[in-house]
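Only one structure is covered here, and it is reproduced in the block below.
The values are calculated or read from the model by the stated rules, or taken from the named source; none is laboratory data. Note that the structure is a prediction, hence the values are computed from the model and not measured. Counting neighbours? That spans all protein chains shown, and the Cβs are built from the backbone with ideal geometry, glycine included.
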Amino acid sequence: MRQGVTLSGLGSPTFESALQAIKAIHSRFDRQFEEGVLEVWAEHEPGETETDSIGLWNRYLTPAREAEGTQAAPFLPGVDPKGILRGMAQEDSTCFYAHTEDNQVHYYATRRDEDGHLVCVSPQMFRVGDVVEAQVAFMAIPVKGQKCKMLAIHTRLRLTQV
């Protein structure tokens, strides 16, 4: 289970520049592996339109065996309104999943509170066609056939009020 967003720049020079930067990041990752091990970076997910875009994903939960030694984190407001995910990540020995800081995505609006901090909002505030800013991290994971794949993980999304 994961949360995700697909961003498209619709020909924006800024977005095109970001895609070029991602390709450069992929090249750096590629040098950490034997030749041919890291899969080619795809600017769009299979089955999507051919428009330049980037899919950003983050798991809601991490398998407990991968989260050993990490601190459990609370679900942020609006992420798990019915408590279903929370029930899967109880802090006891019977659970197979954990929700950690690495699983959190922070959602913001461009408006600020009285202290000047960005206002946290619910993920439900975001709609198709909204203008957003994204903070992204990259990681490589093993996939089938002794290959690896670079993923873009979103950690913060900021809704730009238009």
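For the range 132-162, enumerate the residues that are more than 17 Å from the chain's Cα centre (by Cα) and aliphatic (A, V, I, L, M). Break it down into steps so the answer makes sense when it comes.
So the first thing to find is which residues in the range 132-162 are more than 17 Å from the chain's Cα centre (by Cα), and the list is 142-148, 160-162.
Of everything in the range 132-162, those that are more than 17 Å from the chain's Cα centre (by Cα) and aliphatic (A, V, I, L, M) turn out to be Val143, Val162.
When the residues of the range 11-32 are narrowed to those that are among the β-branched types (Val, Ile, Thr) and either outside any helix (DSSP H, G or I) or farther than 12 Å from Ser53 by Cα (or both), which ends up modelled with the highest pLDDT? Lay out the reasoning, then the answer.
Kept after step one, since they are among the β-branched types (Val, Ile, Thr), are these residues of the range 11-32: 14, 22, 25.
Subsequent filtering for residues that are either outside any helix (DSSP H, G or I) or farther than 12 Å from Ser53 by Cα (or both) retains 14, 25.
Working: Thr14: 91, Ile25: 96.
The residue in question is Ile25.
Would you check which residues across the range 84-116 are more than 20 Å from Pro63 (Cβ to Cβ) and in contact with a Phe, Trp or Tyr (Cβ under 9 Å, 6 or more places away or on another chain) and list them?
From the range 84-116, those more than 20 Å from Pro63 (Cβ to Cβ) are 106-116; that's our starting set.
Tyr107 - this is the single residue of the range 84-116 that is more than 20 Å from Pro63 (Cβ to Cβ) and in contact with a Phe, Trp or Tyr (Cβ under 9 Å, 6 or more places away or on another chain).
What tally of residues in the range 133-150 results from selecting those that are exposed (fewer than 15 other Cβ atoms within 10 Å of the Cβ) and either outside any strand (DSSP E or B) or hydrophobic (A, V, I, L, M, F, W, C) (or both)? Show your work before the answer.
Let us first name the residues in the range 133-150 that are exposed (fewer than 15 other Cβ atoms within 10 Å of the Cβ), namely 133, 135, 137-139, 141-147.
Still in the running and either outside any strand (DSSP E or B) or hydrophobic (A, V, I, L, M, F, W, C) (or both): 137-139, 141, 143-146.
The total comes to 8.
Kindly list, by first and then second residue, each pair from a residue in the range 65-84 that is in contact (Cβ under 8 Å) with a residue 40 or more places away in the chain to a residue that is of a type in the set (Val, Ile, Thr), limited to pairs with Cβ atoms under 8 Å and residues at least 6 apart or on different chains.
Between residues of the range 65-84 that are in contact (Cβ under 8 Å) with a residue 40 or more places away in the chain and residues that are of a type in the set (Val, Ile, Thr), the close pairs are Leu76/Val105; Gly78/Val121; Val79/Val105.
Are there any pairs, at least 6 apart or on different chains, whose C-beta atoms fall under 7 Å, with the first in the range 1-23 and closer than 16 Å to Arg127 by Cα and the second among the hydroxyl-bearing types (Ser, Thr, Tyr), and if so, which?
Going by the 7 Å Cβ cut-off, the qualifying pairs are Gln3/Tyr60; Thr6/Ser53; Leu7/Ser53; Ser8/Thr51; Ser8/Ser53.
Please find, within the range 44-57, the residue that is modelled with the highest pLDDT out of those that are assigned to a loop (DSSP other than H, G, I, E, B) and closer than 20 Å to Gly129 by Cβ.
Asp52
Counting only residues that are over 16 Å from the mean Cα position of the chain (by Cα) and hydroxyl-bearing (Ser, Thr, Tyr), which one in the range 1-43 is farthest from Val79 (Cα to Cα)?
That would be Ser27.
For Ile153, state whether it is in a strand (DSSP E or B), at pLDDT 90 or above and surrounded by fewer than 10 Cβ atoms within 10 Å (Cβ to Cβ). Even if it seems obvious, please write down each step before you answer.
Values: in a strand (DSSP E or B): yes; at pLDDT 90 or above: yes; surrounded by fewer than 10 Cβ atoms within 10 Å (Cβ to Cβ): no.
No.
Residues in the range 91-130 that are surrounded by 11 or more Cβ atoms within 10 Å (Cβ to Cβ), of a type in the set (A, V, I, L, M, F, W, C) and within 23 Å of Ala18 (Cα to Cα): how many?
Count: 3.
Checking Gly36 against (1) of a type outside the set (A, V, I, L, M, F, W, C); (2) at positive phi; (3) modelled with pLDDT under 90, only one condition comes out false. Which one?
Of the numbered conditions (1) of a type outside the set (A, V, I, L, M, F, W, C); (2) at positive phi; (3) modelled with pLDDT under 90, the odd one out for Gly36 is (3).
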